[in-house]
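Got a structure for you, questions after.
The values are calculated or read from the model by the stated rules, or taken from the named source; none is laboratory data. All figures in this text were calculated on a predicted structure; none of them were measured in a lab. Note that each Cβ is placed from the backbone with ideal geometry, even for glycine, and that neighbours are counted across all protein chains shown.
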Amino acid sequence: MPAQKGFLKSLFDFSFTSLITPRVIKVFYALSLLIIALDALYWAYLGLNLGLNISTTVGLLLVLVVVPIITLLYIIGTRIQYEFIIVVFRILETSTERVRLARQGVATKPTFDATVAAGPSDGSSD
């Protein structure tokens, strides 16, 4: 593989031969989690205010049940999105490596395992 360029060189690489997404995705994921946490704190604050002003039961229900569930769903959704992005880049890396090996004349063995794709072989059916 070619040597990686510096971050700024990669950022202004108009031929897109050097990609920056795999390098910065951890930062974006951390920022996403921070924003989700701040959002959860905001909604918990609103729930407590609702509990003090209107209904304590509704406020506590919001703070103890609804906010954590919605926050967890946001975290899961965010993680799935970032994992999908990384999977696309790993497919690119693997494909590039296989093409390089094929051009060198090195045979590559398929990594598909039919037993894994078929699922469990315990005889049970859904």
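List every residue pair whose Cβ atoms sit under 9 Å apart, with the two residues 6 or more apart in sequence or on different chains, where the first one lies in region 80-96 and is closer than 20 Å to Leu33 by Cβ and in a helix (DSSP H, G or I) and the second, anywhere, is modelled with pLDDT under 95 and polar (S, T, N, Q).
Correct list of pairs: Ile85/Thr21; Ile86/Thr21.
Residues that are aromatic (Phe, Trp, Tyr) and within 13 Å of the chain's Cα centre (by Cα): does region 35-47 have at least one?
Checked region 35-47: no residue is aromatic (Phe, Trp, Tyr) and within 13 Å of the chain's Cα centre (by Cα).
Residue-wise test of (1) in contact with a helix residue (DSSP H, G or I) (Cβ under 6 Å, 6 or more places away or on another chain); (2) surrounded by 13 or more Cβ atoms within 10 Å (Cβ to Cβ); (3) not aromatic (Phe, Trp, Tyr).
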| residue | (1), (2), (3) |
| --- | --- |
| Phe14 | no, no, no |
| Leu31 | no, no, yes |
| Ile36 | yes, yes, yes |
| Asp39 | no, yes, yes |
| Trp43 | yes, yes, no |
| Gly51 | yes, yes, yes |
| Val66 | no, yes, yes |
| Leu73 | no, no, yes |
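Every residue, every condition in (1) assigned to a helix (DSSP H, G or I); (2) of a type in the set (A, V, I, L, M, F, W, C), yes or no:
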| site | (1), (2) |
| --- | --- |
| Phe16 | no, yes |
| Val24 | yes, yes |
| Phe28 | yes, yes |
| Ala37 | yes, yes |
| Ala44 | yes, yes |
| Gly51 | yes, no |
| Leu60 | yes, yes |
| Val67 | yes, yes |
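I'm trying to understand the selection: among the residues of region 70-106, which are hydrophobic (A, V, I, L, M, F, W, C) and closer than 22 Å to Val24 by Cβ?
Listed by number, the residues that qualify are Ile75, Ile76, Ile80, Phe84, Ile85, Ile86, Val87, Val88, Phe89, Ile91, Leu92.
Something else: List every residue pair whose Cβ atoms lie under 9 Å apart, where the two residues are 6 or more positions apart in sequence or sit on different chains, the first residue falls within region 12-40 and is on the phi > 0 side of the Ramachandran plot, and the second residue, located anywhere, is basic (Lys, Arg) and not in a loop (DSSP other than H, G, I, E, B).
none
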